[in-house]
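Chemist: The structure is given below, and queries will be raised subsequently.
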Amino acid sequence: MTETASFWRRCSSCKREIGFETLYWVCNVSTCNRKRTGLVFCTVSCWDAHLSVMTHRESWAEERRSPSRAEWAREQAEEAAKQKSRGGSMPASAAREPQRRIVPAARAPEIPKEILVVVSKLKGYIHARSGMSTSDSVAERLSEKIRLLCDEAIRRAQQNGRKTVMDRDFY
């Protein structure tokens, strides 16, 4: 353990240094806060970047303050003592920082917001089914819903290690 560390931890997204006694953010989802995962973010936008890879149904960033240099040194000493009492040896790098999971950066920041349905077919279906007319704004709203469904299906395919989105990813 080194006492001369100039920062507490690195941001899990951009790898910028998070200093002692400074604000940082964590994800409210428990799987992101486990000791082995330990995701921390220097800004809310860095927290937001991890959402493109994680499959959170509902999440938000929680503001925290990093420990002082003395508190951090005490925590590291306690952790080293626990490891030693268990008979395990802890490498110096593990004492400084928990294992990090590499999260790829968000893909395309600007995705075109085109209409994803054939409007004439949509209007024809609604008219045949109910005899009703369809507002022009329906196609835009329906396209938004389709994008959300597609995003979830993409995440499921990625979780399963596939590069192909399949029908079973839409459930």
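The values are calculated or read from the model by the stated rules, or taken from the named source; none is laboratory data. This is a predicted model, so every value here is computed, not measured. Reconstructed Cβ throughout: ideal geometry from the backbone, glycine too, with neighbour counts over all protein chains shown.
Chemist: Quick check on CYS46: is it of a type in the set (A, V, I, L, M, F, W, C), buried (at least 17 other Cβ atoms within 10 Å of the Cβ) and either touching a strand residue (DSSP E or B) at 6+ places or on another chain (Cβ under 9 Å) or at positive phi (or both)?
Modeler: Numbers: of a type in the set (A, V, I, L, M, F, W, C): yes; buried (at least 17 other Cβ atoms within 10 Å of the Cβ): yes; either touching a strand residue (DSSP E or B) at 6+ places or on another chain (Cβ under 9 Å) or at positive phi (or both): yes.
Here the answer is yes, as CYS46 does meet what is asked.
Chemist: Can you work out which of the residues in the stretch 41-62 that are among the aromatic types (Phe, Trp, Tyr) and outside any loop (DSSP other than H, G, I, E, B) is nearest to SER12 (Cα to Cα)?
Modeler: PHE41
Chemist: What do you reckon, is SER133 in a loop (DSSP other than H, G, I, E, B) and over 21 Å from the mean Cα position of the chain (by Cα)?
Modeler: yes
Chemist: Is it the case that some residue within the stretch 32-40 is at pLDDT 85 or above and either among the hydrophobic types (A, V, I, L, M, F, W, C) or assigned to a strand (DSSP E or B) (or both)?
Modeler: yes
Chemist: Here are some conditions: (1) within 31 Å of the chain's Cα centre (by Cα); (2) farther than 30 Å from ARG16 by Cβ; (3) modelled with pLDDT of 90 or more; (4) not hydroxyl-bearing (Ser, Thr, Tyr). GLN159 meets all but one. Which one does it not meet?
Modeler: (2)
Chemist: What single numbered condition from (1) surrounded by 13 or more Cβ atoms within 10 Å (Cβ to Cβ); (2) without any contact (Cβ under 8 Å) to a residue 40 or more places away in the chain; (3) over 10 Å from the mean Cα position of the chain (by Cα) fails to hold for GLY38?
Modeler: (2)
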